[in-house]
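The values are calculated or read from the model by the stated rules, or taken from the named source; none is laboratory data. Bear in mind that the values here come from a model prediction, so they are computed numbers and not experimental data. FYI the Cβ positions are ideal-geometry reconstructions off the backbone, even for glycines, and counts take in every protein chain you see. All accessible areas refer to the heavy atoms of the entire protein, side chains included, with ligands and DNA or RNA removed. Shrake-Rupley method; radii C 1.70, N 1.55, O 1.52, S 1.80 Å.
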Amino acid sequence: MKIKGKPHRTIWPGADGVSVEIIDQTRLPHEFVVARLGTLGEAAHAIKAMLVRGAPLIGATASYGLWLALRVDPSDKGLADAGAALMATRPTAINLRWAVERMTAWLSPLRPAERAEAALRRAAEICDEDVSINSAIGAAGLPLIRAIAVGKGRGAVVNILTHCNAGWLATVDVGTATAPIYAAHDAGIPIHVWVDETRPRNQGASLTAWELLNHGVPHSVIADNAGGHLMQHGEVDMVIVGTDRTTATGDVCNKIGTYLKALAAKDNGVPFYVAAPSPSIDWRVRDGLKEIPIENRSAREVTHLSGRLPDGSVATVALTPEGSGAVNPAFDVTPARLVTGLITERGIVKASESALRELFPDK
Ligand code: MRU
(Lines give C-alpha, C1' and ligand atoms only; values in the text may rest on other atoms or scores of the structure.)
Protein backbone atom coordinates (compact mmCIF):
# COMPACT_ATOMS: atom_id res chain seq x y z
CA MET A 1 0.00 0.00 0.00
CA LYS A 2 1.07 3.55 -0.47
CA ILE A 3 2.18 6.00 2.22
CA LYS A 4 2.43 9.53 0.86
CA GLY A 5 2.38 8.05 -2.63
CA LYS A 6 5.25 5.59 -1.99
CA PRO A 7 4.49 1.83 -2.05
CA HIS A 8 5.33 -0.02 1.16
CA ARG A 9 5.11 -3.50 2.56
CA THR A 10 5.24 -4.12 6.30
CA ILE A 11 8.40 -6.24 6.15
CA TRP A 12 11.28 -6.48 3.67
CA PRO A 13 14.90 -7.67 3.55
CA GLY A 14 17.35 -4.92 4.54
CA ALA A 15 19.62 -3.41 1.88
CA ASP A 16 22.68 -4.54 3.92
CA GLY A 17 21.84 -8.19 3.11
CA VAL A 18 22.04 -9.28 6.74
CA SER A 19 18.88 -7.85 8.27
CA VAL A 20 15.17 -7.45 7.79
CA GLU A 21 13.28 -4.19 8.13
CA ILE A 22 9.82 -3.58 9.52
CA ILE A 23 7.48 -0.69 10.24
CA ASP A 24 7.51 -0.26 14.03
CA GLN A 25 3.77 -0.38 14.68
CA THR A 26 4.12 0.68 18.31
CA ARG A 27 5.01 4.16 17.00
CA LEU A 28 1.98 4.58 14.73
CA PRO A 29 -0.05 6.65 14.07
CA HIS A 30 2.09 9.46 15.43
CA GLU A 31 5.43 8.51 13.90
CA PHE A 32 6.45 6.39 10.91
CA VAL A 33 9.58 4.57 12.05
CA VAL A 34 11.40 1.73 10.29
CA ALA A 35 13.13 -0.74 12.64
CA ARG A 36 16.00 -3.05 11.72
CA LEU A 37 16.02 -6.67 12.91
CA GLY A 38 19.47 -8.25 12.71
CA THR A 39 19.17 -11.26 15.03
CA LEU A 40 16.75 -14.00 16.02
CA GLY A 41 16.37 -12.26 19.40
CA GLU A 42 15.37 -9.00 17.73
CA ALA A 43 12.83 -10.78 15.54
CA ALA A 44 11.34 -12.59 18.55
CA HIS A 45 11.21 -9.32 20.50
CA ALA A 46 9.50 -7.53 17.59
CA ILE A 47 6.71 -10.14 17.66
CA LYS A 48 6.37 -10.29 21.44
CA ALA A 49 6.41 -6.52 21.99
CA MET A 50 4.09 -6.04 18.98
CA LEU A 51 6.36 -3.91 16.82
CA VAL A 52 4.83 -6.28 14.29
CA ARG A 53 1.45 -7.83 14.95
CA GLY A 54 -1.50 -9.32 13.13
CA ALA A 55 -1.55 -13.04 12.44
CA PRO A 56 -0.13 -13.11 8.87
CA LEU A 57 2.63 -10.59 9.65
CA ILE A 58 3.63 -12.54 12.77
CA GLY A 59 4.10 -15.61 10.52
CA ALA A 60 6.11 -13.64 7.96
CA THR A 61 8.35 -12.16 10.66
CA ALA A 62 8.97 -15.60 12.14
CA SER A 63 10.09 -16.84 8.70
CA TYR A 64 12.68 -14.09 8.49
CA GLY A 65 13.58 -14.73 12.14
CA LEU A 66 14.54 -18.29 11.19
CA TRP A 67 16.76 -16.93 8.43
CA LEU A 68 18.50 -14.61 10.89
CA ALA A 69 19.04 -17.54 13.29
CA LEU A 70 20.38 -19.87 10.58
CA ARG A 71 22.95 -17.28 9.51
CA VAL A 72 24.53 -17.85 12.92
CA ASP A 73 23.80 -21.52 13.60
CA PRO A 74 22.47 -23.60 10.67
CA SER A 75 22.67 -26.94 12.57
CA ASP A 76 19.62 -29.13 13.25
CA LYS A 77 19.69 -27.92 16.85
CA GLY A 78 20.00 -24.30 15.72
CA LEU A 79 16.93 -24.68 13.53
CA ALA A 80 14.91 -26.42 16.26
CA ASP A 81 15.91 -23.93 18.98
CA ALA A 82 15.10 -20.94 16.77
CA GLY A 83 11.69 -22.40 15.92
CA ALA A 84 10.97 -22.95 19.62
CA ALA A 85 12.08 -19.41 20.54
CA LEU A 86 9.79 -17.89 17.91
CA MET A 87 6.83 -20.11 18.84
CA ALA A 88 7.15 -18.95 22.45
CA THR A 89 6.52 -15.29 21.55
CA ARG A 90 2.73 -15.21 21.14
CA PRO A 91 0.39 -18.18 21.61
CA THR A 92 -2.84 -17.42 19.75
CA ALA A 93 -2.22 -16.62 16.07
CA ILE A 94 -1.79 -19.94 14.29
CA ASN A 95 0.16 -18.36 11.42
CA LEU A 96 3.22 -18.40 13.69
CA ARG A 97 3.19 -22.20 13.99
CA TRP A 98 2.21 -22.51 10.33
CA ALA A 99 5.24 -20.49 9.22
CA VAL A 100 7.72 -22.15 11.57
CA GLU A 101 6.55 -25.68 10.68
CA ARG A 102 6.54 -24.90 6.97
CA MET A 103 10.00 -23.36 7.01
CA THR A 104 11.33 -26.24 9.13
CA ALA A 105 9.91 -28.82 6.73
CA TRP A 106 11.58 -27.02 3.80
CA LEU A 107 14.91 -26.43 5.49
CA SER A 108 15.64 -29.50 7.58
CA PRO A 109 16.27 -31.86 4.60
CA LEU A 110 18.98 -29.45 3.34
CA ARG A 111 22.64 -29.53 4.33
CA PRO A 112 23.30 -26.96 7.08
CA ALA A 113 25.52 -24.91 4.74
CA GLU A 114 22.60 -24.43 2.34
CA ARG A 115 19.99 -23.52 4.92
CA ALA A 116 20.44 -19.79 5.49
CA GLU A 117 20.28 -18.88 1.82
CA ALA A 118 17.24 -21.13 1.30
CA ALA A 119 15.55 -19.63 4.36
CA LEU A 120 15.87 -16.12 2.96
CA ARG A 121 14.34 -17.26 -0.33
CA ARG A 122 11.52 -19.15 1.40
CA ALA A 123 10.70 -16.26 3.74
CA ALA A 124 10.30 -14.01 0.69
CA GLU A 125 8.02 -16.65 -0.87
CA ILE A 126 5.85 -16.71 2.27
CA CYS A 127 5.52 -12.91 2.03
CA ASP A 128 4.61 -12.98 -1.66
CA GLU A 129 2.09 -15.75 -1.03
CA ASP A 130 0.47 -13.67 1.72
CA VAL A 131 0.02 -10.78 -0.69
CA SER A 132 -1.59 -12.96 -3.36
CA ILE A 133 -3.86 -14.67 -0.81
CA ASN A 134 -5.04 -11.28 0.46
CA SER A 135 -5.65 -9.96 -3.05
CA ALA A 136 -7.77 -13.05 -3.75
CA ILE A 137 -9.73 -12.40 -0.52
CA GLY A 138 -10.35 -8.88 -1.82
CA ALA A 139 -11.67 -10.22 -5.12
CA ALA A 140 -13.85 -12.79 -3.31
CA GLY A 141 -15.33 -10.24 -0.91
CA LEU A 142 -15.94 -7.43 -3.38
CA PRO A 143 -19.22 -8.91 -4.78
CA LEU A 144 -20.67 -8.96 -1.24
CA ILE A 145 -20.16 -5.21 -0.92
CA ARG A 146 -21.31 -4.58 -4.47
CA ALA A 147 -24.53 -6.53 -3.81
CA ILE A 148 -25.28 -4.41 -0.73
CA ALA A 149 -24.58 -1.24 -2.73
CA VAL A 150 -26.94 -2.36 -5.50
CA GLY A 151 -29.59 -3.29 -2.91
CA LYS A 152 -29.37 0.12 -1.24
CA GLY A 153 -29.71 1.93 -4.54
CA ARG A 154 -27.65 4.29 -6.62
CA GLY A 155 -25.25 6.53 -4.70
CA ALA A 156 -26.08 5.03 -1.28
CA VAL A 157 -23.09 4.47 1.00
CA VAL A 158 -22.30 0.96 2.25
CA ASN A 159 -21.38 1.06 5.96
CA ILE A 160 -18.93 -1.62 7.02
CA LEU A 161 -17.85 -2.19 10.61
CA THR A 162 -14.44 -3.68 11.40
CA HIS A 163 -12.67 -4.56 14.62
CA CYS A 164 -8.98 -4.35 15.51
CA ASN A 165 -6.57 -4.08 12.60
CA ALA A 166 -6.85 -6.77 9.96
CA GLY A 167 -5.52 -4.36 7.39
CA TRP A 168 -2.29 -4.28 5.43
CA LEU A 169 -0.36 -3.54 8.62
CA ALA A 170 -1.50 -6.91 10.00
CA THR A 171 -0.25 -8.70 6.90
CA VAL A 172 2.60 -8.23 4.44
CA ASP A 173 0.34 -6.09 2.25
CA VAL A 174 -3.33 -5.50 1.31
CA GLY A 175 -4.77 -6.89 4.57
CA THR A 176 -7.47 -9.51 5.03
CA ALA A 177 -10.62 -7.79 6.33
CA THR A 178 -9.61 -4.60 4.52
CA ALA A 179 -8.94 -6.35 1.20
CA PRO A 180 -12.62 -6.30 0.09
CA ILE A 181 -12.91 -2.77 1.53
CA TYR A 182 -10.00 -1.44 -0.54
CA ALA A 183 -11.27 -3.38 -3.58
CA ALA A 184 -14.72 -1.78 -3.24
CA HIS A 185 -13.32 1.70 -2.68
CA ASP A 186 -10.98 1.34 -5.67
CA ALA A 187 -13.93 0.10 -7.77
CA GLY A 188 -15.79 3.33 -7.02
CA ILE A 189 -18.41 1.87 -4.67
CA PRO A 190 -19.25 4.49 -2.02
CA ILE A 191 -18.25 3.00 1.33
CA HIS A 192 -17.75 4.18 4.87
CA VAL A 193 -15.99 2.15 7.56
CA TRP A 194 -16.87 2.13 11.25
CA VAL A 195 -13.53 1.54 12.95
CA ASP A 196 -13.79 0.00 16.44
CA GLU A 197 -11.09 1.65 18.52
CA THR A 198 -10.28 -1.83 19.93
CA ARG A 199 -9.29 -1.40 23.53
CA PRO A 200 -6.97 -1.97 25.19
CA ARG A 201 -4.23 -1.50 22.59
CA ASN A 202 -6.39 0.49 20.19
CA GLN A 203 -5.25 -1.16 16.97
CA GLY A 204 -8.41 0.18 15.28
CA ALA A 205 -7.94 3.78 16.40
CA SER A 206 -4.22 3.91 15.78
CA LEU A 207 -3.61 1.49 12.87
CA THR A 208 -6.81 0.86 10.89
CA ALA A 209 -7.74 4.54 10.96
CA TRP A 210 -4.21 5.48 9.82
CA GLU A 211 -4.36 2.98 6.95
CA LEU A 212 -7.80 4.05 5.76
CA LEU A 213 -6.83 7.71 5.99
CA ASN A 214 -3.73 7.08 3.87
CA HIS A 215 -5.79 5.25 1.27
CA GLY A 216 -8.55 7.88 1.25
CA VAL A 217 -11.30 5.55 2.50
CA PRO A 218 -14.04 7.43 4.42
CA HIS A 219 -14.19 6.17 8.00
CA SER A 220 -15.15 7.06 11.57
CA VAL A 221 -13.49 5.73 14.69
CA ILE A 222 -16.03 4.59 17.29
CA ALA A 223 -15.77 3.47 20.88
CA ASP A 224 -15.95 -0.32 21.04
CA ASN A 225 -19.30 -0.11 22.80
CA ALA A 226 -20.99 1.86 19.99
CA GLY A 227 -21.33 -0.95 17.46
CA GLY A 228 -24.51 -2.50 18.86
CA HIS A 229 -26.27 0.85 18.96
CA LEU A 230 -25.29 1.62 15.36
CA MET A 231 -26.55 -1.78 14.25
CA GLN A 232 -29.89 -1.25 16.00
CA HIS A 233 -30.32 1.98 14.04
CA GLY A 234 -29.53 0.47 10.62
CA GLU A 235 -26.16 2.20 10.40
CA VAL A 236 -24.14 -0.98 9.75
CA ASP A 237 -24.68 -2.96 6.53
CA MET A 238 -22.09 -5.61 7.24
CA VAL A 239 -19.24 -6.53 9.55
CA ILE A 240 -15.88 -7.80 8.26
CA VAL A 241 -13.20 -8.85 10.75
CA GLY A 242 -9.98 -10.83 10.53
CA THR A 243 -8.96 -13.96 12.40
CA ASP A 244 -5.98 -15.12 14.40
CA ARG A 245 -7.08 -18.73 14.26
CA THR A 246 -10.14 -20.34 12.72
CA THR A 247 -10.85 -23.94 13.63
CA ALA A 248 -11.56 -26.76 11.19
CA THR A 249 -15.21 -26.39 12.29
CA GLY A 250 -15.39 -22.64 11.60
CA ASP A 251 -15.07 -21.16 15.10
CA VAL A 252 -13.24 -17.84 14.81
CA CYS A 253 -10.67 -16.63 17.32
CA ASN A 254 -9.93 -12.95 16.87
CA LYS A 255 -9.16 -9.80 18.87
CA ILE A 256 -11.03 -9.47 22.15
CA GLY A 257 -14.46 -7.94 21.55
CA THR A 258 -15.08 -9.66 18.23
CA TYR A 259 -17.56 -12.05 19.87
CA LEU A 260 -19.69 -9.18 21.21
CA LYS A 261 -19.87 -7.68 17.72
CA ALA A 262 -20.96 -11.04 16.32
CA LEU A 263 -23.72 -11.30 18.96
CA ALA A 264 -24.96 -7.80 18.19
CA ALA A 265 -24.82 -8.51 14.45
CA LYS A 266 -26.87 -11.70 14.89
CA ASP A 267 -29.49 -9.88 16.98
CA ASN A 268 -29.82 -7.18 14.33
CA GLY A 269 -29.67 -9.34 11.19
CA VAL A 270 -26.38 -7.75 10.10
CA PRO A 271 -24.16 -10.08 8.03
CA PHE A 272 -20.97 -10.96 9.94
CA TYR A 273 -18.09 -12.01 7.69
CA VAL A 274 -14.60 -13.14 8.61
CA ALA A 275 -11.70 -12.73 6.19
CA ALA A 276 -9.88 -16.01 6.73
CA PRO A 277 -6.73 -16.78 4.73
CA SER A 278 -5.98 -20.51 4.74
CA PRO A 279 -2.77 -20.12 6.82
CA SER A 280 -5.03 -18.82 9.63
CA ILE A 281 -7.06 -22.05 9.66
CA ASP A 282 -5.97 -24.58 12.28
CA TRP A 283 -7.01 -27.91 10.83
CA ARG A 284 -5.97 -29.70 14.05
CA VAL A 285 -8.46 -27.88 16.27
CA ARG A 286 -12.21 -28.51 16.30
CA ASP A 287 -13.46 -26.71 19.41
CA GLY A 288 -12.33 -23.09 19.46
CA LEU A 289 -13.50 -22.37 23.01
CA LYS A 290 -11.76 -25.33 24.59
CA GLU A 291 -8.66 -25.74 22.45
CA ILE A 292 -7.33 -22.32 21.40
CA PRO A 293 -4.83 -20.78 23.84
CA ILE A 294 -5.89 -17.21 24.60
CA GLU A 295 -3.01 -14.82 25.19
CA ASN A 296 -3.16 -12.89 28.46
CA ARG A 297 -1.24 -9.67 28.09
CA SER A 298 0.01 -7.18 30.63
CA ALA A 299 -2.56 -5.45 32.84
CA ARG A 300 -0.69 -2.23 32.10
CA GLU A 301 -2.22 -2.23 28.60
CA VAL A 302 -5.59 -1.78 30.34
CA THR A 303 -4.56 0.61 33.09
CA HIS A 304 -2.45 2.96 30.94
CA LEU A 305 -2.86 4.68 27.60
CA SER A 306 -0.43 6.43 25.24
CA GLY A 307 -1.17 9.42 23.06
CA ARG A 308 0.23 12.56 21.54
CA LEU A 309 0.42 15.77 23.54
CA PRO A 310 -0.16 19.20 21.96
CA ASP A 311 3.63 19.72 21.74
CA GLY A 312 3.92 16.62 19.53
CA SER A 313 5.55 14.38 22.12
CA VAL A 314 4.03 11.00 22.95
CA ALA A 315 3.19 10.33 26.58
CA THR A 316 1.70 7.50 28.60
CA VAL A 317 -0.89 8.25 31.25
CA ALA A 318 -2.62 6.18 33.91
CA LEU A 319 -6.40 5.65 33.52
CA THR A 320 -7.28 3.71 36.63
CA PRO A 321 -6.81 4.31 40.35
CA GLU A 322 -3.47 3.12 41.59
CA GLY A 323 -4.11 -0.21 43.28
CA SER A 324 -7.03 -1.37 41.10
CA GLY A 325 -6.41 -4.75 39.50
CA ALA A 326 -6.89 -5.36 35.76
CA VAL A 327 -6.93 -8.39 33.48
CA ASN A 328 -6.22 -8.41 29.79
CA PRO A 329 -7.34 -11.42 27.72
CA ALA A 330 -6.29 -10.45 24.19
CA PHE A 331 -8.57 -12.66 22.08
CA ASP A 332 -11.99 -14.29 22.15
CA VAL A 333 -13.75 -17.01 20.20
CA THR A 334 -16.83 -16.40 18.06
CA PRO A 335 -18.70 -19.68 17.57
CA ALA A 336 -19.24 -20.71 13.95
CA ARG A 337 -23.02 -20.34 14.35
CA LEU A 338 -22.63 -16.55 14.58
CA VAL A 339 -20.53 -16.27 11.41
CA THR A 340 -22.36 -15.56 8.14
CA GLY A 341 -19.40 -16.68 6.05
CA LEU A 342 -15.64 -16.99 5.79
CA ILE A 343 -14.04 -15.02 2.98
CA THR A 344 -11.06 -17.14 1.92
CA GLU A 345 -8.66 -16.90 -1.00
CA ARG A 346 -10.68 -19.68 -2.67
CA GLY A 347 -14.03 -17.97 -2.22
CA ILE A 348 -16.70 -17.48 0.41
CA VAL A 349 -17.62 -20.50 2.46
CA LYS A 350 -20.00 -21.35 5.29
CA ALA A 351 -18.28 -21.54 8.69
CA SER A 352 -18.67 -25.32 8.99
CA GLU A 353 -16.37 -28.30 8.89
CA SER A 354 -17.97 -29.86 5.82
CA ALA A 355 -17.89 -26.62 3.80
CA LEU A 356 -14.28 -25.92 4.79
CA ARG A 357 -13.16 -29.46 3.96
CA GLU A 358 -14.91 -29.27 0.60
CA LEU A 359 -13.16 -25.99 -0.27
CA PHE A 360 -9.77 -27.16 1.03
CA PRO A 361 -9.65 -30.93 0.31
CA ASP A 362 -5.84 -30.68 0.16
CA LYS A 363 -5.41 -29.40 3.76
O1 MRU B 1 -2.93 -8.59 18.96
P2 MRU B 1 -2.87 -8.33 17.48
O3 MRU B 1 -2.84 -6.89 17.13
O4 MRU B 1 -1.78 -9.14 16.81
O5 MRU B 1 -4.27 -8.90 16.97
C6 MRU B 1 -4.59 -8.81 15.61
C7 MRU B 1 -5.95 -9.28 15.31
O8 MRU B 1 -6.69 -9.75 16.15
C9 MRU B 1 -6.34 -9.27 13.88
O10 MRU B 1 -7.71 -9.01 13.73
C11 MRU B 1 -6.02 -10.66 13.31
O12 MRU B 1 -4.67 -10.97 13.52
C13 MRU B 1 -6.30 -10.76 11.90
S14 MRU B 1 -5.06 -9.96 11.01
C15 MRU B 1 -5.24 -10.11 9.38
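A few notes on this one:
- Using the Cβ-Cβ distance between Val314 and Ser220 with R0 set to 25 Å, the FRET efficiency works out to roughly 0.60.
- Placing +1 on each Lys and Arg Cβ and -1 on each Asp and Glu Cβ, with no other charges, gives segment 2-128 a dipole about its Cα centre of roughly 360 debye.
- The overall shape of segment 141-359, judged from the alpha-carbon gyration tensor, is oblate: a/c is not under 1.5, and a/b is no greater than b/c.
- Cut-off under 5 Å, modelled amide H: who pairs with Phe331 long-range: Ile256, Glu295
- Residue-wise HN-Hα couplings along segment 196-201, as the Karplus relation 6.51 cos²θ - 1.76 cosθ + 1.60 with θ = phi - 60° gives them from phi, are 4, 4, 6, 5, x, 8 Hz; Gly and Pro carry x.
- For Ile281, the residues whose modelled amide H falls within less than 5 Å of its own, excluding neighbours fewer than 5 places apart on the same chain, are Thr246.
- 1.4 Å probe accessible area per residue over segment 141-359, in Å²: 41
- Calculated accessible area for segment 1-95 comes out at 39 Å² per residue, all protein chains present (probe 1.4 Å; ligands, DNA, RNA ignored).
- Selection from Ala276, Val33, Leu212, by position along the positive dipole direction of the chain (Cβ): Ala276
- Evaluated with a Cβ-only charge set (Lys, Arg +1; Asp, Glu -1), the chain carries a dipole of roughly 260 debye about its Cα centre, given to the nearest 20.
- Backbone HN-Hα couplings from phi across segment 261-270 [Karplus 6.51/-1.76/1.60, Hz, Gly and Pro as x]: 5, 5, 5, 5, 5, 4, 5, 10, x, 8
- Rounded to the nearest 10 square angstrom, Arg36 shows an accessible area of 120 square angstrom against a 1.4 Å probe.
- Dipole orientation for segment 2-128: of the candidates Val72, Ala15, Ala49, Ala49 has the Cα lying most toward the positive pole (charges on Cβ; Lys, Arg +1; Asp, Glu -1).
- Rounded tilt (10° steps) of 94-107 against the dominant C-alpha axis of the chain: 30
- Subtracting the Cα-Cα distance of Asp73 and Lys48 from 0.36 nm times their residue separation leaves 6.8 nm of extension gain.
- For the chain, the carbon plus sulfur part of the accessible surface works out to 55%, probe radius 1.4 Å.
- Listed values for segment 18-25 are Karplus-derived 3J(HN,Hα) couplings in whole Hz (6.51 cos²θ - 1.76 cosθ + 1.60, θ = phi - 60°), namely 10, 8, 10, 10, 9, 8, 6, 6, and x replaces Gly and Pro.
- Inter-probe distance in nm under a simple model that places probes 7 Å from Cα toward Cβ, at Ala80 and Glu114: 2.2
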